[in-house]
Amino acid sequence: MTSTLKIGDVTFSKIPRVLIAKPGLDGHDRGAKYVAKALRDAGMEVIYTGIRQTPEDIAAAAVQEDVDIVGLSLLSGAHNELFPRVVQALKSRGGADIPVFGGGIIPDADFADLKRAGICAIFTPGARIDDIVREIHGILES
Amino acid sequence: MLVRRSLDLNSLASQISGDTVLEGVEPWASRVRALSKALSLLENDPWLATRFLQHPALAKLSTNARVVGLTGLPGAGKSTLTNLIVGRLRKLGKSVAVLAVDPSSTDTGGAVLGDRIRMQDHFCDPQVYIRSMGSRGALGGVSRATRGAIRLIGLLGYDYILVETVGIGQSESEIVSIADTTTLVLMPNSGDDIQLMKAGVLQMADVYVVNKCDLSNPQRMLSELRANSEARGRGNEWTPPVLATSAAEQQGLDEFVDALQKHAEYEHDHPEGRAIKRKRVQTEIATNLLFILEREVQKMVAQVPDAEVNAVQAGQLPAMVVANRLFTEAFAMVQQGKIEKNST
């Protein structure tokens with residue numbers, strides 16, 4: 001029976017899955033939860049890891065959950081250190097294809113380095129939730 | 001919201017089996033990554049997944065995982081207990097996978113899958129796999145993909161697969177036909193003796209756990225459950241243990257794991273237990289057959305002539321007459337061999 005099967009490259013439609021995570025020592029999760037709920041209402045499956053996660057925790061969760069994108073929220077100022085480490089940890093677990101976006105208190109001056117480190121989008125205080133959802137949707141479809 | 005994704009199923013299958021390894025990734029991590037992608041295929045395209053599960057690279061693998069269901073009211077502590085049980089099983093040297101099902105929105109299909117947050121202790125343990133699933137419209141407490149997911153996860157050799165259902169009420173008992181051992185998680189104030197007399201999942205669990213025993217006195221609940229349980233355990237039948245636990249104070253957990261192991265031994269050692277397992281396998285075959293038939297049925301219904309649909313709509317023709325005609329015709333075609341094997 002198996003010999004008659006023709007399978008190789010396939011395409012299929014899926015409900016997008018998003019991991020919202022808070023790396024490092026920062027307990028301020030209001031923004032992360034707000035974005036999580038907005039993405040849920042946009043029709044995505046959102047997994048929230050909770051606060052104070054290591055980059056390795058986040059990468060393991062992202063890979064096991066097969067999310068289509070990871071969102072990192074950080075208000076402590078350690079984004080330059082922690083965001084790239086999440087990208088690296090994803091790579092070592094076979095998740096190099098999972099895009100990562102960031103949000104929180106991130107000075108404009110850090111944007112360029114974060115982008116170079118593989119962060120695909122950055123949202124700061126004052127970002128409109130509709131814009132966040134639209135931009136993430138765009139990344140998911142690209 | 002839907003997005004398109006591409007997969008090479010041949011590479012995926014050989015990565016799951018470990019025959020090939022993702023470049024720059026540890027062999028085990030590579031298998032886990034491939035498993036995760038395959039589970040997404042299963043959730044989103046069950047038809048492709050049906051073919052994928054028959055892939056030669058996967059067909060040579062088999063599963064021997066013990067499947068434990070945890071079901072119960074929302075907020076009873078299923079996820080927290082699951083987390084603690086994973087810890088206990090790990091101490092016994094067992095590898096564990098968790099499938100945690102949470103409800104999906106019927107409007108948007110979106111969901112917040114929040115069970116994983118209770119299981120942070122195990123995120124980086126390579127011998128623990130945690131996967132959240134949206135229920136995606138299924139009403140039995142699990143999703144349609146849960147059975148297939150158990151199969152796929154089992155192929156990686158996990159000793160235990162814990163399936164945590166959506167928080168349920170009384171009638172969502174599908175987990176009983178999926179899990180080898182079904183645990184019902186209750187709280188000291190979950191209801192009086194009349195609640196416990198009701199039919200449904202309350203009568204079907206293999207292990208009863210009254211959790212949050214630190215919060216109020218569980219004695220009445222425990223004695224009523226035990227009376228029910230002893231009435232079930234006549235002769236060689238399994239007497240479901242009734243356990244008091246407190247996740248907060250880490251009490252009753254060894255007894256819980258012990259009960260899971262005893263139930264596995266019972267199923268193995270007693271003809272009554274083996275008969276239950278056999279019935280469950282038959283149910284699984286039937287469920288899969290119904291799933292395949294459902295698609296054929298939808299195709300058939302789409303071809304019913306407008307005149308006939310209109311007649312049913314106008315109340316001139318019973319829907320059962322149309323259904324019976326369709327069935328008779330289809331059955332005749334099957335008998336004549338007009339529907340080829342693997343027509344999907």
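Segment A:74-127 and segment B:68-104 have their alpha-carbon centroids 32 Å apart. The residues packed around B:Ala100, meaning those with a beta-carbon under 13 Å from its beta-carbon, carry a net charge of -1 if Lys and Arg are +1 and Asp and Glu are -1.
Probing with 1.4 Å while keeping every protein chain in the model, the per residue accessible area of chain B equals 48 Å². When all protein chains stay in place and ligands, DNA and RNA are ignored, the 1.4 Å accessible-area order of B:Asp8, A:Asp97, A:Asp9, largest first, is A:Asp9, A:Asp97, B:Asp8. Take the Cα of B:Thr283, step 7 Å toward its Cβ, do the same at B:Glu296, and the gap between the two points is 2.4 nm. Please say if segment B:9-59 is rounded, prolate or oblate, where rounded means a/c under 1.5 for a ≥ b ≥ c the square roots of the C-alpha gyration tensor eigenvalues, and otherwise the choice is prolate for a/b larger than b/c and oblate otherwise? It comes out oblate by the Cα gyration axes. Shielding value for A:57-64 is 6, the average number of Cβ atoms from other chains within 10 Å of each residue's Cβ. Size estimate for segment B:42-110 follows the Kirkwood approach: the inverse of mean 1/r over distinct Cα pairs works out to 15.4 Å. Projected over every direction and averaged, the convex hull enclosing the alpha-carbon atoms of the protein assembly as shown yields 27.3 nm². Across peptide B:15-27, the mean count of Cβ atoms from other chains lying within 10 Å of each residue's own Cβ comes to 2.
Relative to the longest principal axis of the Cα atoms of chain B, the long axis of helix B:27-44 makes an angle of roughly 60 degrees. Test of understanding: given chain B, find the longest segment containing no trypsin sites (Lys or Arg not before Pro) that are in a DSSP loop and have at most 10 other Cβ atoms within 10 Å. Here the longest run is B:61-233. Could you state the per residue volume, in Å³, of the convex hull enclosing the Cα atoms of chain B? Taking the convex hull of the Cα positions in chain B, it is 190 Å³ per residue. For the cross-link pairs A:Lys14/A:Lys37; A:Lys91/B:Lys78; B:Lys60/B:Lys262; A:Lys22/B:Lys212; A:Lys14/A:Lys115, the ones whose C-alpha atoms lie over 23 Å apart are A:Lys91/B:Lys78; B:Lys60/B:Lys262; A:Lys22/B:Lys212; A:Lys14/A:Lys115.
Taking the Cβ of A:Asn80 as the centre, find all other residues whose Cβ is under 15 Å away and add up their charges (Lys, Arg: +1; Asp, Glu: -1).
Details: positive: A:Arg85, A:Lys115, A:Arg116; negative: A:Asp26, A:Glu81, A:Asp108, A:Asp110, A:Asp113.
Every neighbour counted, the sum reads -2.
Within 10 Å of the Cβ of each residue in B:39-46, the mean number of Cβ atoms contributed by other protein chains is 4.
Could you run the numbers on buried accessible area between A and B, total for both chains, 1.4 angstrom probe, in Å² to the nearest 100?
That pair of chains buries around 4500 Å² in total.
Distances between placed amide hydrogens fall under 5 Å for A:Gln53 paired with A:Lys22, A:Gly24, all partners being 5 or more residues away or on another chain.
Which of the three applies to segment A:15-141, rounded, prolate or oblate, going by the alpha-carbon gyration tensor with a ≥ b ≥ c and a/c under 1.5 meaning rounded?
rounded
With the cut-off at 1.5 for a/c, could you classify segment B:66-270 from its C-alpha gyration tensor as rounded, prolate or oblate? In terms of gyration-tensor shape, rounded.
For a paramagnetic label modelled on B:Trp28 (point 7 Å from Cα along Cα→Cβ), amide N atoms under 20 Å away belong, within segment B:91-121, to B:91-99, B:119-121. Database remark: amide H of A:Val100 closer than 5 angstrom to the amide H of A:Val70, A:Cys120 (H placed geometrically; neighbours at sequence offset of 5 or more, or on other chains; Pro and chain starts carry no H).
Full extension of the chain between B:Ala323 and B:Asp19 gives 104.6 nm of extra length, using 0.36 nm per residue less the Cα-Cα distance.
Taking GluC sites (Glu not before Pro) across segment B:238-283, the ones in a DSSP loop with at most 12 further Cβ atoms lying within 10 angstrom of their Cβ are B:Glu249.
The values are calculated or read from the model by the stated rules, or taken from the named source; none is laboratory data. Bear in mind that the values here come from a model prediction, so they are computed numbers and not experimental data. A quick note on method: Cβ atoms are made from the backbone with ideal geometry, for glycine too, and the neighbour counts reach across all protein chains shown. With ligands, DNA and RNA removed, areas are computed over all heavy atoms of the protein, side chains included. Shrake-Rupley method; radii C 1.70, N 1.55, O 1.52, S 1.80 Å.
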